[in-house]
Amino acid sequence: MFGIPKRIKAYTGRFSLVDGIPFKLPVAATRSPALMAVFPINADKAKDFLPQGIHPLRLWRSALLVVTVIDYRETPIGKYVEYSIAIACTHGAKPAPRLLPALFMNFFKTGQYVVDLPVSSEISVKGGKGIWGMPKHQGNLNFNISDDKVSSQYDLNGKLVTYVEIDKPGKAWLPIKARASNYCSFRGMLMKSDILLNAKAGIGLFGGARARFVIGDHPRLQALKTLEIGDALATAFLPSITGILDDHIESWFLDSEQLPKVAPEGFESVIDLGLSEAWLAPPSAPIPPRDADEPTQLKRGAA
């Protein structure tokens, strides 16, 4: 595994009890499939979704919307699906130059700012939000793998929030060993956490990246439609990831020119949550047919 800190190696096999959640250390997931799709978005409009100190990563003229869904099958808190909708970003006083943050990630503090993060189980909400500050909440989720496609649907209250679908590559051949950073807002603070990934991926790039991302009629993420989401630039299917969630967390106060009039979401949203691993019902909202002007056409044969 790439870059496991010595302190994580030292406590491997030991146990922790945090907020009532029992963990066998490290906090790891194994044998869990995942999909990813990356779409270009309007960089100026992406700024409206980001807090102070977080800037959209610009690839040429566009920023990037990153949709990642992981079907966690073996973890210390049971099975659950995690559906991440995020904007690729850098962290610092000023925006970073174009393209370079994708190459020099540590220098530019490159990561993704998580806009929404539904999960299947209550215990995942309690841990992910209460400990790491992630914007988790329970949603109706699934993760489907067929012969030629990988997809996931996200519903709330019987309505479609989003749906993502990619072509399934013929082979997962590209080794990925990396540290990925998540930036999230919680309790009026910017929270940064890292996951260490070890997997092999089948990828599609540019013309070979075939994906569909649908924003449904639920009001939760209607604002994403302002981002002018374009054709997928990259897709990936990871049949079996191994991931370690680092227990080291960084946080900073979120600041503004005036005192906020409404208190941000805080511990009151997690303090009474239990440890249930039960899922909500599977999503059932209909997926709308493809519009004639919908930009991306799914075809067989991603690399």
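The values are calculated or read from the model by the stated rules, or taken from the named source; none is laboratory data. Source: prediction; values computed, not measured. Positions of Cβ are backbone-derived with ideal geometry, glycine not excepted, and every protein chain shown enters the neighbour counts. For accessibility, only protein heavy atoms count, side chains too; no ligands or nucleic acids. Shrake-Rupley method; radii C 1.70, N 1.55, O 1.52, S 1.80 Å.
A Förster radius of 51 Å combined with the Cβ-Cβ distance from R61 to K24 puts the calculated FRET efficiency at roughly 0.65. Annotation: aspartates and glutamates with alpha-carbon distance below 16 angstrom to K171 (same-chain offsets under eight excluded): D147, D148. Bridging of K9 to aspartates and glutamates at a Cα separation below 15 Å is possible for D246, D247, once same-chain residues fewer than 8 apart are set aside. Amide H to amide H, which residues 5 or more places from K159 or on other chains are under 5 Å from it, using H placed in the peptide plane? Amide H to amide H, under 5 Å and 5 or more residues apart or across chains, K159 pairs with nothing. Which residue fluctuates most in the GNM of the chain (Cα springs below 10 Å): R290, R179, R187? Between R290, R179, R187, it is R290 that shows the largest mean-square fluctuation. A 1.4 Å probe run over the protein chains yields, for the range 1-99, 48 Å² of accessible area per residue, whole-number rounding.
Please work out whether the range 208-267 counts as rounded, prolate or oblate from its C-alpha gyration tensor, where a ≥ b ≥ c are the square roots of the eigenvalues and a/c under 1.5 means rounded, while otherwise a/b larger than b/c means prolate and anything else oblate? Oblate is the answer for the range 208-267, as a/c is 1.5 or above yet b/c matches or exceeds a/b. A full extension of the chain between D44 and A178 corresponds to an added length of 45.4 nm, given 0.36 nm per residue minus the alpha carbon distance. From the Cα gyration tensor of the range 121-176, with a ≥ b ≥ c the square roots of its eigenvalues, which class applies: rounded if a/c is under 1.5, or else prolate if a/b is larger than b/c, or else oblate? Oblate, because a/c is 1.5 or more while a/b does not exceed b/c.
Can you tell me the FRET efficiency between S251 and D217 if r is taken as the Cβ-Cβ distance and R0 is 45 Å, rounded to the nearest 0.05? Calculated transfer efficiency: 0.80.
Residues in the range 251-265 carry Karplus couplings, in order, of 8, 9, 5, 7, 10, 8, 5, 10, 5, x, 7, 10, 5, x, 4 Hz; the curve used is 6.51 cos²θ - 1.76 cosθ + 1.60 with θ = phi - 60°, and Gly or Pro positions show x. From Cα pairs below 8 angstrom and at least 6 apart in sequence, can you work out the relative contact order of the range 57-216, rounded to a whole percent? Once normalised by length, the contact order is 17 percent. Peptide packing: for 264-274, 90-100, 24-34, the average count of neighbouring Cβ atoms within 10 Å per residue gives the ranking 24-34, 90-100, 264-274, highest mean first. One Cα centroid belongs to the range 194-214, the other to the range 37-95; the line between them spans 14 Å. Helices in the chain, meaning DSSP H runs of at least 4 residues, each add -39500 (n - 2.57). Divided by all residues, the mean residue ellipticity at 222 nm is -2000 deg cm²/dmol. Averaged over residues, the count of other Cβ atoms within 10 Å places the peptides 52-60, 167-175 in the sequence 52-60, 167-175, highest first.
Identify which of G13, G208, G133 has the largest mean-square fluctuation in a Gaussian network model of the chain, with springs joining Cα atoms closer than 10 Å. Largest GNM mean-square fluctuation: G13.
According to the square roots a ≥ b ≥ c of the eigenvalues of the Cα gyration tensor, what is the shape class of the chain, taking rounded for a/c under 1.5, prolate for a/b larger than b/c otherwise, and oblate for the remainder? It comes out rounded by the Cα gyration axes. Among F237, F213, F23, determine the one that fluctuates most according to a GNM of the chain built with springs between C-alpha atoms less than 10 Å apart. Answer for the Gaussian network model of the chain: F23. In the context of the full set of protein chains, residues of the range 126-260 present 43 Å² of accessible surface per residue (probe radius 1.4 Å, heavy atoms only). Go through K168/K200; K47/K126; K6/K177; K149/K200 and tell me which ones have a Cα-Cα distance over 19 Å in this structure. Those over the limit are K47/K126.
Apolar share of the accessible surface for the range 1-111: 58 percent from carbon plus sulfur atoms, 1.4 Å probe.
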